[in-house]
Amino acid sequence: YVYGISWKLSKSNDLMKATNSLKFYGRYVRCMRDEANLPESMSLCGVKKDSWVYLNPNIDYGCMTDNRDGQVYATVSIGSQIWMAENLNYEPRDGWSACYNNTARYCDVYGRLYSFAAAMDSVNQGGCGRGVDCTPNIPHRGICPDGWHIPTRTELDTLLSTVGIDDSTRSVGLRSKAWMLGLDDYGFSAAPTGHAYICGEDESFSSLDEITDFWSVDGSLYIKDYSAKWTNGNGRCYPRSVRCIKD
């Protein structure tokens with residue numbers, strides 16, 4: 001960087017000032033994407049969705065319709081499994097769920113975040129997640145559409161094995177191009193949904209574009225810092241995304 005306008009952040013971190021840059025002082029370069037050149041949403045089954053902007057155009061996706069609300073979801077075959085290629089965005093009648101930061105736009109792109117009770121549809125399916133541990137049905141439909149279910153750890157392990165990912169291998173092959181580094185080689189398109197925290201009357205959101213976390217019936221799969229790791233327990237204070245797998 002040789003000459004132009006630079007920005008200086010004050011010590012109070014609440015004021016930025018533009019200053020002329022002298023050519024002898026180096027500066028970092030931060031580029032801004034041209035809004036006119038954003039990728040267009042892909043079309044599947046005659047439908048376009050904001051969440052499909054980040055799908056891998058080189059993958060042959062299918063699609064399915066959730067008969068409960070008419071939403072159409074992209075699907076992808078990986079090995080012997082068929083997955084939704086995006087997070088569920090169905091609003092349940094029971095249990096906590098929300099868009100990140102309670103902003104509908106994030107649901108359109110990243111899907112909803114669900115408490116464990118909501119993800120397991122505990123009111124209608126055996127009480128799993130309503131403050132008690134129990135043995136879920138296998139397959140356990142949970143909040144997923146008819147014909148789909150919440151994955152087990154074994155099913156998610158099969159996914160990781162198929163794409164060659166373990167605790168020591170980078171997860172960029174599963175990450176959508178919404179991440180700073182995401183290759184999405186298999187079309188799974190894991191989105192950087194961030195976290196929610198709900199306990200008592202507390203509710204907060206954090207880490208958007210940095211992490212994602214998927215429910216299973218017996219834990220969750222956590223993707224951060226290029227890794228894919230398991231967390232045990234249902235973490236009732238931490239809502240997560242739901243990615244359904246076909247029965």
Alpha carbon centre of the stretch 203-222 versus the stretch 76-95: separation in Å?
15
Note down the relative contact order for the stretch 42-103 as a percent, whole number, built from C-alpha pairs under 8 angstrom at least six residues apart.
20
Sorted by average packing, counted as other Cβ atoms within 10 angstrom per residue and highest first, what order do 81-90, 95-104 take?
81-90, 95-104
What order do Met64, Met180 take when sorted by accessible area (1.4 Å probe), most exposed first?
Met180, Met64
To the nearest 10 square angstrom, what accessible area does Val172 show with a 1.4 Å probe?
20
Once the Cβ-Cβ distance between Ser80 and Asp60 is put in as r, and R0 is 22 Å, what FRET efficiency do you end up with, to the nearest 0.05?
0.85
Counted charge near Leu181, where neighbours are those whose Cβ lies closer than 14 Å (Asp, Glu -1; Lys, Arg +1)
-1
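The values are calculated or read from the model by the stated rules, or taken from the named source; none is laboratory data. Model, not experiment: these values are computed from the prediction. Using ideal geometry, Cβ is built from the backbone for each residue, glycine included, and neighbour counts are taken over all protein chains shown. Surface accessibility is based on the protein's heavy atoms, side chains included, excluding ligands, DNA and RNA. Shrake-Rupley method; radii C 1.70, N 1.55, O 1.52, S 1.80 Å.
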